[in-house]
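Below is one structure, written out as structure tokens; comments come after it.
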Amino acid sequence: MPTTLGNEANSWSIGTKMDIALAVLFLLLLIASAGYQYTSQRGMVEDLVLQQTHELADSYFDNINTLMLTGGMANREIPRTKIMSRPEILDARVIRGDAVKKVYGQGPEINQAKDRLDRQGLAGNPVEQIRQEGDHRVLSVIQPLIASKNFRGTDCTSCHLAAEGEILGAVRIDYSLQALDAKVTREVWIHIGLNAAMMVLALIIVSLVLRRLI
């Protein structure tokens, strides 16, 4: 059998062999191009979403902080409701640390640490983690809230009776990447289709030219 296949391969014309070589080369180029674009696009999406999520976390806590300073903490659910109205936001919470609990109590369940990432944030370690949940990816950003005499113009130590540098809590945002990942995948398939069409056309043209020359 190997001898028969070898004889068949040897019987192919030079043009056929060149067509096969060109087809393999174009296929490898297509795979490399698609792989690079997919990786590049996903990386760009991750960087963009990470920056945006940090900005959302800052904005969310700034709104909560303003309510603290103006005596409006009874309305603390309003900023959360607004940010949670965005379809890509899966969760938005301010987690209370021990220093705050000593003064203001445990607070509602939503302000309690729920998992390892929450506890990591309460330990003073920032979190930036992308994980798979079912059929989509989720970015979790947790920013520790550290007592400071000048936290964006506010003296946290006087409000919370905490020492400077003490962990007051953390703010957490969970951001779904499902829509953006789907868009990247769709664009990559469009890119593959266009490149494949152009490569097939180029293969036909190059094949015809080489056959005439040979």
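The values are calculated or read from the model by the stated rules, or taken from the named source; none is laboratory data. In this text, all values refer to a predicted model and were calculated from it rather than measured experimentally. Cβ atoms come from the backbone with ideal geometry, glycine included; neighbour counts cover every protein chain shown. The protein model used for the area step is the full one, side chains on, heavy atoms only, and it has no ligands, DNA or RNA in it. Shrake-Rupley method; radii C 1.70, N 1.55, O 1.52, S 1.80 Å.
Translational diffusion of the chain, estimated by Stokes-Einstein from the Kirkwood radius over alpha carbon pairs at 20 °C in a medium of 1.002 mPa s, is 99 µm² per second. Since only 140, 57, 44 are under comparison, the one whose Cα sits farthest along the positive direction of the charge dipole of the chain, derived from C-beta charges on Lys, Arg, Asp and Glu, is 44. With the highest mean first, a sort of the peptides 92-104, 197-209 on other beta-carbon atoms found within 10 angstrom per residue produces 92-104, 197-209. Projecting the Cα positions of 158, 74, 213 onto the charge dipole of the chain (unit charges on Cβ atoms of Lys, Arg, Asp and Glu, taken about the Cα centre) puts 213 furthest along the positive direction.
Can you give me the C-alpha center-to-center distance between region 75-109 and region 191-214, rounded to a whole angstrom? Between the Cα centre of region 75-109 and that of region 191-214, the gap is 59 Å. Taken one residue at a time, the phi angles of region 176-186 give Karplus couplings (6.51, -1.76, 1.60, θ = phi - 60°) of 7, 9, 4, 5, 5, 5, 5, 5, 4, 4, 4 Hz. Gly and Pro are set to x.
Packing, as the average of other Cβ atoms within 10 Å across residues, places the peptides 23-34, 48-59 in the order 48-59, 23-34, highest first.
Charging the Cβ of each Asp and Glu at -1 and of each Lys and Arg at +1, and nothing else, the dipole of region 71-144 about its Cα centre rounds to 260 debye.
In region 55-214, a dipole from Cβ-located charges (positive for Lys and Arg, negative for Asp and Glu) runs towards its positive end, and of 113, 95, 179 it is 179 whose Cα lies farthest in that direction. Only the Cβ atoms of Lys and Arg (+1) and of Asp and Glu (-1) were treated as charged; on that basis the dipole of the chain about its Cα centre amounts to roughly 200 debye. For residue 177, the residues 5 or more places off, or on other chains, whose built amide H falls under 5 Å of its own are 137, 138, 139.
The HN-Hα couplings worked out from phi for region 46-54 by the Karplus form 6.51 cos²θ - 1.76 cosθ + 1.60 (θ = phi - 60°) are 4, 5, 5, 5, 4, 4, 5, 5, 4 Hz, whole numbers, x standing for Gly and Pro.
Entry note, the chain: the mean residue ellipticity at 222 nm calculated from DSSP H runs of n ≥ 4, each adding -39500 (n - 2.57), is -20500 deg cm²/dmol after division by the residues and rounding to the nearest 500. Only protein heavy atoms count here; under a 1.4 Å probe, residue 131 has an accessible surface of about 60 Å².
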